[in-house]
Amino acid sequence: SHPDPSLSSLFAKENLAHMSEEQLNRYDRLINEPSNDWDIYYWATEAKPTPAEFDTDVMAMLREFAKNRNREQRLRQPDLEYLFEPPR
């Protein structure tokens with residue numbers, strides 16, 4: 001169960017194409033080795049410190065991505081556009 005499945009999948013969609021093979025390997029380890037997805041989410045959102053073995057350039061990219069995503073979500077909320085849609 002992903003707390004925010006979109007976080008790592010959106011990150012992957014935006015970043016995997018630009019990552020080196022080493023970074024892809026580190027990303028693979030990051031998403032497969034921790035015992036649960038909550039850990040990755042907490043590290044990415046800095047709710048918990050990242051253990052040294054996973055505190056890589058890839059983790060830093062994920063943290064940055066999480067920050068930007070939170071900022072975007074805050075800017076988009078509340079979404080009032082539906083109030084201005086013409087009645088069907």
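The values are calculated or read from the model by the stated rules, or taken from the named source; none is laboratory data. This one's a predicted model, so the numbers in the text were calculated from it and none came from an experiment. We place every Cβ from the backbone using ideal geometry, glycine too, and count neighbours over all the protein chains shown. The area values use the complete protein model at the heavy-atom level, side chains included, leaving out ligands, DNA and RNA. Shrake-Rupley method; radii C 1.70, N 1.55, O 1.52, S 1.80 Å.
Couple of notes before you dig in:
- The stretch 20-52, residues that are surrounded by 11 or more Cβ atoms within 10 Å (Cβ to Cβ), among the acidic types (D, E) and either without any contact (Cβ under 8 Å) to a residue 12 or more places away in the chain or not in a loop (DSSP other than H, G, I, E, B) (or both): E22, D28, D37, D39
- Screening S8 on (1) surrounded by fewer than 13 Cβ atoms within 10 Å (Cβ to Cβ); (2) at pLDDT below 95; (3) assigned to a helix (DSSP H, G or I); (4) not β-branched (V, I, T) shows it passes everything except condition (1).
- Hey, E14 open to solvent by 40 Å² or more (accessible area, probe 1.4 Å) and at pLDDT 85 or above or not: yes
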